[in-house]
1. For the stretch 116-152: of the residues being without any contact (Cβ under 8 Å) to a residue 12 or more places away in the chain and not β-branched (Val, Ile, Thr), which is nearest to residue 74 (Cα to Cα)?
2. Within the stretch 205-219, can you find the residues that are more than 16 Å from residue 241 (Cβ to Cβ) and surrounded by fewer than 24 Cβ atoms within 10 Å (Cβ to Cβ)?
3. Condition first: exposed (fewer than 15 other Cβ atoms within 10 Å of the Cβ) and within 30 Å of residue 40 (Cα to Cα). Can you find one or more residues in the stretch 72-79 that meet it?
4. Quick test for you: out of 2, 68, 43, pick the one residue that is modelled with pLDDT of 95 or more and of a type in the set (D, E, K, R).
5. All but one of (1) of a type in the set (Phe, Trp, Tyr); (2) buried (at least 18 other Cβ atoms within 10 Å of the Cβ); (3) more than 28 Å from residue 204 (Cβ to Cβ) hold for residue 124; state the number of the condition that does not hold.
6. For the stretch 116-139, enumerate the residues that are touching a Ser or Thr at 6+ places or on another chain (Cβ under 8 Å) and among the charged types (D, E, K, R).
7. Among the listed residues 21, 85, identify the single one that is of a type outside the set (Ser, Thr, Tyr), surrounded by fewer than 12 Cβ atoms within 10 Å (Cβ to Cβ) and modelled with pLDDT under 95.
8. Return the residues of the stretch 116-137 that are of a type in the set (Phe, Trp, Tyr) and part of a loop (DSSP other than H, G, I, E, B); say none if nothing qualifies.
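The values are calculated or read from the model by the stated rules, or taken from the named source; none is laboratory data. Note that the structure is predicted; figures quoted are calculated from it, not measured. Positions of Cβ are generated from backbone atoms using ideal geometry, with glycine treated the same way; all protein chains shown enter the neighbour counts.
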Amino acid sequence: MKKFFLAILLILISLTSYSQFLEKSELGVIVGGGNYIGDINPKYNFYNTKFMIGGIYRYNFNPRWVFKGSAMFGRVGAYDSDFEFNIRNLSFESNISEFAATCEFNFFDYQTGSRKHRLSPYLFAGVGVFLMNPKTEIYNPLTLKKEWVELQPLRTEGQGMEGYNDPYSLTQISIPFGLGLKFSVNSYVCLGLEWGLRYTFTDYMDDISGNYVARDEIALWTNELAAACSDRTNEIATGVYNEAGTMRGNPKKNDLYQFFGLTVTTKLDFFRTRVKCDTF
């Protein structure tokens, strides 16, 4: 009999914990845009903004502190040809897949479903991992046609050669931080606006960081396509190439990217309520 009552007690505790988990949890999406800031676009702006979409999960510890997990998917890119001071003629585009864990701090007490605490601005910060793969469109001397090519395997700045940096990784760490505004629409749904900058630990989102390497060395180390992607000045000034050792990028500043958009989340106990309604 004692074991029976103990089992019942454990079940009730589990159900209570599960219920509290659902009440404090929210699941939703974010839709908006994103762009890159780096050697081609060094200013903090919204140049070449591209579509971004993602999924978010929130666990509300209390009305002020929130844990958020997110998965964001977007695309960034930049072209020297878009700027008046175009002397390199370099360009890139890259898909970005980011997975992050952040903590939100609400400036005011907030709770989805509350009439009294239904609006609050917030700050957030955390850590993330993102996947990138810079590509460029170029006339390929190996296939004799214009096509998109992956830049990282080409070692355009001599990565891997003696005296040069190792090849950069396509998986990188980011530090997302930013601000937002959330509003409780009804008992279950929260709408919000969010902007976040991502500090990264790489200067190769755009495949540009250091100095030019001699074309014959690049061609010998990799191939003629690598040499063509490394220095594209001749495409805007026939027969002109940069001298080895001259600056191709600025290695003192890492690249950044930003995501911003509209968030829509709903409390998970909404789905439990719907299941009960459908059952009965």
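1. The qualifying residue nearest to residue 74 (Cα to Cα) is 147.
2. 210, the sole residue that qualifies.
3. To start, the set of residues in the stretch 72-79 that are exposed (fewer than 15 other Cβ atoms within 10 Å of the Cβ) comprises none.
No, that holds for no residue.
4. Residue meeting the stated conditions: 68.
5. The failed condition is (3).
6. 118, 135, 137
7. Sole residue among the options that is of a type outside the set (Ser, Thr, Tyr), surrounded by fewer than 12 Cβ atoms within 10 Å (Cβ to Cβ) and modelled with pLDDT under 95: 85.
8. Answer for the stretch 116-137, where residues must be of a type in the set (Phe, Trp, Tyr) and part of a loop (DSSP other than H, G, I, E, B): there is none.
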